[in-house]
Amino acid sequence: MELKEYQKKTLEQVKRYLEELAKFKAKNEKTIAIDPELSINYPLKAWEKVVGTSYQSKKNGLAEELPNFYLKIPTAGGKTLLACHTIDLINRTYLKKQTGIVLWVVPTTQIYRQTLISLKNREHSYRQVLDISSGGRTIILEKMDRFAKLDVAENLVVMLLMLPSASRQNKEVLKVFKDSGGFGEFFPSEDDRVGNENLLKEFPNLDCFGDVNGFYGRVVKTSLGNTLRVLKPIIIIDEGHKAYSEIAQKTIRNFNPSIIVELSATPPEMSNKLVTISGQELNREEMIKLDLHIINKASPDWKDAMLSAVEKRAFLEKRAEEYEANTGEHIRPICLIQAERTGKEQRGTKYIHAEDVKEYLVKQCGISEEEIAIKSSEKDDIEGIDLLSKDCPIRYIITKQALQEGWDCAFAYLLTILTNPSSQLSITQLVGRILRQPKARKTKVKELDESYVFCFRPKATELLENVRKGFGDEGLGDLAGRISVDEGDTDSIRATKERIVGYREKFKKFEGNVYLPKFVIQESGSWRDVNYEMDILSRIDWNKVNLEALNDISLSELRPQEQEVVVGLSEDVKELIKEKGRLSKEGGLEIDKVFITRQILDIIPNPWVAYDIGKKVIDMFLARYDEKTVTYNFVFIIEELRKLLEKEKDRLAEQVFRELIDRKVLCFFLLYSKGGYRLPSNIRVKSNSKALVRSDNSAIQRSLFSFVPEEELNEMEKSIAIYLDEQEKLLWWYRNLSRQDYYVQGWKKHKIYPDFVFTDINNKVQNDYDKVYIVETKGLHLKNEDTDYKKNIFTFCNKLGRQKDWRELNLEFAKKRIEFQVIFEDEWKKKINEIFGV
């Protein structure tokens, strides 16, 4: 991942301090070797030279000088990524090693889970930084995991610990300090009295049994806490300001750390801030969604504020769909909703309950239940769900306080506050949850680069102050001027409600009688829509995967170029060249069959098959190259394997699909009762929607429905719709809505939602049609493999359609034909002219 300028600046400052720290420490070690009384405060000396501000000195549990500093990084600034790079710099610049142990302390369960998942994922940027730092030898552990001396000697071991776990006042987590017996090899045996005493002289703060005058003397406990003290870990403290109780500070320092790095958007006043990043710097680097718009509804009814948020989210999704069509990048705007109560027994009181909000969204706003999640201490509908996945349906998350700390999702655009103005619940911490920009890059679509807060009844001045405080708590105080308040009212809310639109009067005869064919599968005597995972992917015979193309791939004796880029992210040119050489000599990632298996599991869902294929590929390359060369190219081999497997998956899926068609297990049906699709009898449009009109500003005349909202079409689609409406030989046309209306499920995972359905005029029968056209439109920049696939699917549909006599299936479609087409931006007018013989 390429670093932002402020992130490079942060790491350059960290490196400067660590370089000076290493120099002064080396001088101090030479000095105390001559006379211990001449020892200097070397962290202070390095600080004075690099930073120049006052420095708060600290000592670890051994009374040694303890280097410690803060990185003040605002919310959404990438604190965790910077922490991983800082670990690399500490090891290389200060401790002069690649291995050892890191104790990573976090304050909440939410942050713990997110950090653990990211660090364990070898494809995540955090883990990749650590793997490059350690030469591919990284181990991620939790508190109850065991590790050996060899693990620490040969690997970079990162152990996650919850902040309460680092406090000896918490009885539940005293297991860290108990004599667990699992770390015996780090300590002398019980009967080695001399060994135990010598260790206690070196580390006087170790917990032990017995006393110096006892028969066995003092025996050091073989606990995790003592093991950490002996290993003198690097300590990373996430949200460091939460660790500032005296007990917590003392507990952490008593682990005998070699250095402490704390991360926070709001460090305590008296702390060693090595780097301070402003909100303006994040904004310049496109990391956050600004401006923040606060819509303050004057209505006393919370449902009006909720409805406004629903409408805004739907509007944002339309913009997001247009953005995805133009760029291929998926964004699904999510609305966070703060209710007053979430507990099972708390519903039915005067407070707004999460279930009341959900019921309103489902019954009155028409939101599907699968799009709504509740996140509370009792119920967690988003646990284990990847909210950024294209397949995730969640668009609303209702909570009380569960998302205030550590929760992170860049798709969160809206915050709806349904708490009573007199309530003690604060919106302060929730504001930060909607600020992170997807992919840390502006979309250039104004609405998708900003964030929104909806509320009702609070006084504007108090509301603004609360949000400004929220910005300050997120380290974004300098951006408080980018907040705007819109004082809404109930009249404007009512004006934006939906209305039902039916067929045009002259097309009423077609209502409920327009059918479109779909691929369906027979099951238990009935028919259902084909499901990609269940019906296609599960039937793929992975033994038929052809790996021969990998034999044409040549391996380089050099390291892959991407590794060089990553290493050089925070270094100058000279250091970059030097660093490449050092890592290259150490060989990088080892050949690991389990590792390669993990990298292809998202393509091949069966781990045993994935393992066999991974092993076969490794053996293929080892038969042609020596182990060292294969090791150097291991990541490259995985990338090429993934590309090949994606193609093979699609090839085999197509075979499965066509075989199911041939066996008549999978059918292409028009009849509604057998799985076909019937166009809706009415559509919902916003009352304040602007109607689509012709180029001369006259009303459109041939749309199937009497009203077409202009906002549902992008510029190219508007041009096509208007041109269709002007065709004398066209009977009617319909704008098919993505993710809502008619789709075709082929042999690839993603459904195809055509843009238009239209018909010609049957010259023999008045007010009727002969042929239905189903059309997908594509911009020139979207011509790619996906487009080729859609064309193949449509060609296949046309072939199957020509083999059908629709009269056998549906009387309304007697003598009617259906044709599928993909039309590009540079040819749409020509294609339409050909269809209508213009």
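The values are calculated or read from the model by the stated rules, or taken from the named source; none is laboratory data. Please read these numbers as outputs of a predicted model, since none were measured by experiment. Note: ideal-geometry Cβ built from the backbone for every residue, glycine included; neighbour counts use all protein chains shown. Heads up: the accessible areas ignore ligands, DNA and RNA and are worked out on the full protein's heavy atoms, side chains in. Shrake-Rupley method; radii C 1.70, N 1.55, O 1.52, S 1.80 Å.
Some points to look at:
- Per-residue ³J(HN,Hα) for region 511-519, Karplus 6.51 cos²θ - 1.76 cosθ + 1.60, θ = phi - 60°, Hz, x for Gly and Pro: 4, x, 10, 9, 10, 10, x, 9, 7
- Region 212-299: relative contact order in percent, alpha carbon pairs under 8 Å with at least 6 residues between: 26
- By a 1.4 Å probe calculation restricted to protein chains, His85 has an accessible surface near 10 Å², given to the nearest 10.
- Above-threshold pairs, the threshold being 27 Å between Cα atoms, out of Lys312/Lys400; Lys363/Lys446; Lys312/Lys390; Lys30/Lys250; Lys390/Lys799: Lys363/Lys446; Lys30/Lys250; Lys390/Lys799
- Per-residue ³J(HN,Hα) for region 72-82, Karplus 6.51 cos²θ - 1.76 cosθ + 1.60, θ = phi - 60°, Hz, x for Gly and Pro: 8, 10, x, 3, 6, x, x, 4, 5, 4, 5
- Across region 3-8, rounded Karplus estimates of 3J(HN,Hα) from the backbone phi angles (6.51 cos²θ - 1.76 cosθ + 1.60, θ = phi - 60°) give 7, 6, 4, 5, 6, 4 Hz, Gly and Pro being marked x.
- If R0 equals 22 Å, the separation of the Cβ atoms of Val445 and His330 corresponds to a calculated FRET efficiency of about 0.95.
- Put a dot 7 Å past the Cα of Val665, heading toward its Cβ, do the same for Ser698, and the two dots end up 5.5 nm apart.
- Distance between the modelled labels on Gln766 and Glu710, one decimal in nanometres: 3.6 nm (7 Å Cα→Cβ projection).
- Segment Tyr723..Phe595, full-extension length gain: 40.6 nm, with 0.36 nm per residue of separation and the alpha-carbon distance subtracted.
- Probe 1.4 Å - accessible area at Tyr351, Å² to nearest ten: 80
- Largest accessible area first, the listed residues Val51, Val685 line up as Val51, Val685 when surface is computed with a 1.4 Å probe on the assembled protein chains.
- Distant-in-sequence amide H partners of Ile337 (H built 1.01 Å from N, under 5 Å): Ile397, Ile398, Thr399, Thr416
- Remark on Asn68: its backbone amide H falls under 5 Å from those of Ile260, a criterion applied only to residues 5 or more positions apart or on other chains, H modelled at 1.01 Å from N.
- For Lys647, a cut-off of 15 angstrom between C-alpha atoms picks up these aspartates and glutamates, skipping any fewer than 8 places away in its own chain: Asp541, Glu548, Asp602, Glu639, Glu785, Asp786, Asp788.
- Alpha-carbon Debye profile of region 17-112, log10 I(q)/I(0) at 0.25 Å⁻¹: -1.47
- Heavy-atom accessible area ranking, 1.4 Å probe, most first, across Cys208, Cys409: Cys208, Cys409
- Legend: calculated FRET efficiency, Glu269 to Asp408, from the Cβ-Cβ distance at R0 = 30 Å, rounded to 0.05, equals 0.65.
- Structure note, pairs Lys72/Lys593; Lys297/Lys690; Lys442/Lys829; Lys718/Lys790; Lys508/Lys749; Lys375/Lys690: Cα-Cα distances above 30 angstrom occur for Lys72/Lys593; Lys442/Lys829; Lys508/Lys749; Lys375/Lys690.
- Given their separation in residues at 0.36 nm each and the Cα-Cα distance between them, Asp380 and Lys749 gain 130.1 nm when the chain is fully extended.
- Two-site FRET efficiency, Phe836 against Arg539, from Cβ-Cβ distance with R₀ of 56 Å, rounded to 0.05: 0.85
- Label-point gap, in nm, between Asp529 and Glu345 - each point 7 angstrom along Cα→Cβ: 4.2
- When all protein chains stay in place and ligands, DNA and RNA are ignored, the 1.4 Å accessible-area order of Asp760, Asp301, largest first, is Asp301, Asp760.
- Length released on extending from Met144 to Glu37, taking residue separation times 0.36 nm less the Cα-Cα span: 34.4 nm
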